[in-house]
Amino acid sequence: MSFIGIEVEPYAGLGFPVLLAVAVLLSIRAKAISWSGGLAGALIATGIYLGGRWLGIGLLGLFFVSGSLATRWQRSRKEAMGVAQEAGGRRSWVNAAANGGVAAVLGGIAWGIDWTVPLAYPMMAAAISSATSDTLSSELGTLYGRRYRNILTWQLGPGGADGMISREGTLFGLAGAILIALPVGWVMQSWPLAIIVTVAGMVGNWSDSLLGATLQRQGVLNNHTVNFWSSLIAALFAGLAYAAF
């Protein structure tokens, strides 16, 4: 079967489930995820694998490793600032669903209809790009940002508050989006596709800030639902851009 120019075969062998089990157990042991996060992560990884095979798993791995490192980087300083992630940085099923749920559902859809929707792949990559961009922007921007502005009013404010952005955080976010986009462009041999994934990742990042400055501050959404909706917005943007291209 061919999927966006890549020949894929139906699932065979034990390579993926064995690797998945080892990765989940090691992540739990390293206290990067909780047991609920491990179970949810396994389901999400399965959906992404079905829709994107090993490239999809590679992108998920890049998000998880870079996000975990960024979360743990200078954690004591973040705790002193009051912006450290809860539960000691250990991700639960809610974190997994918020950041990877959209990509997993898209992967399941692509697999369920026999690989016949070419839009599914750039949309999956865009959702992961958005999650990576937002995580690096938030975790590192709060440490290295110099001036923070409200994305709506452009007024100066405290770092780490909902809807606040900085130049440094934006650059970290761009780096995260590029981190996901480069393997996509290389494997798919399409650098325009890599550009779409990069821009979509930043669209998701900015959507996160916009939702944070509005609905999250109003109590309508929380951080997890904001992450989910921003990754969905990134995926839809990539789908529209890819279709137009």
Item to check | Estimated [θ] at 222 nm from DSSP helical runs (n ≥ 4, -39500 (n - 2.57)) normalised by residues in the chain, nearest 500 | outcome: -24000 deg cm²/dmol
Next on the checklist: Counting only other residues whose beta carbon sits under 15 Å from that of Thr132, what net charge do I get with K and R as +1, D and E as -1?
Outcome noted: -2
Item to check | Unit charges at the beta carbon, dipole of the chain: most positive-side option, Ile44, Ile109, Ala120 | outcome: Ile44
Next on the checklist: Calculate the FRET efficiency for Trp154 and Ser36 from the Cβ-Cβ distance with a Förster distance of 35 Å, rounded to the nearest 0.05.
Outcome noted: 0.35
Item to check | For the stretch 20-100: relative contact order, % (alpha-carbon pairs under 8 angstrom, 6 or more apart) | outcome: 46
Item to check | Filtered trypsin sites (Lys or Arg not before Pro), the stretch 128-206: DSSP coil and at most 15 other beta carbons within 10 Å | outcome: Arg146, Arg147
Checklist entry - Residue by residue, what Karplus-based ³J(HN,Hα) values in Hz, rounded to whole numbers, does the stretch 185-198 have, using 6.51, -1.76 and 1.60 with θ = phi - 60° and x for Gly and Pro? => result x, 5, 5, 7, 6, 8, 6, x, 5, 4, 5, 4, 5, 5
Checklist entry - Which value, in debye to the nearest 20, gives the size of the charge dipole of the chain about its Cα centre, when Lys and Arg are +1 and Asp and Glu are -1 at the Cβ? => result 800
Checklist entry - For the chain, what is the accessible area per residue in Å², given a 1.4 Å probe and the full set of protein chains? => result 48
Item to check | Option label - semi-axes √(5λ) of the Cα gyration tensor in Å computed here, alternatives [x] 26, 21, 19; [y] 33, 22, 18; [z] 29, 21, 14 | outcome: [z]
Item to check | For the stretch 48-72 and the stretch 136-173, distance of Cα centres in Å | outcome: 25
Item to check | Derived scalar couplings ³J(HN,Hα) [the stretch 219-236; Karplus, 6.51 cos²θ - 1.76 cosθ + 1.60; whole Hz; x for Gly, Pro] | outcome: x, 6, 10, 10, 4, 5, 5, 4, 4, 5, 5, 5, 5, 5, 4, 4, 5, 5
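The values are calculated or read from the model by the stated rules, or taken from the named source; none is laboratory data. Please read these numbers as outputs of a predicted model, since none were measured by experiment. Ideal geometry is used to build each Cβ from the backbone, glycine not excepted, and the neighbour counts take in all protein chains shown. Each accessible area value is taken on the protein alone, full model and side chains, heavy atoms only, with ligands, DNA and RNA left out. Shrake-Rupley method; radii C 1.70, N 1.55, O 1.52, S 1.80 Å.
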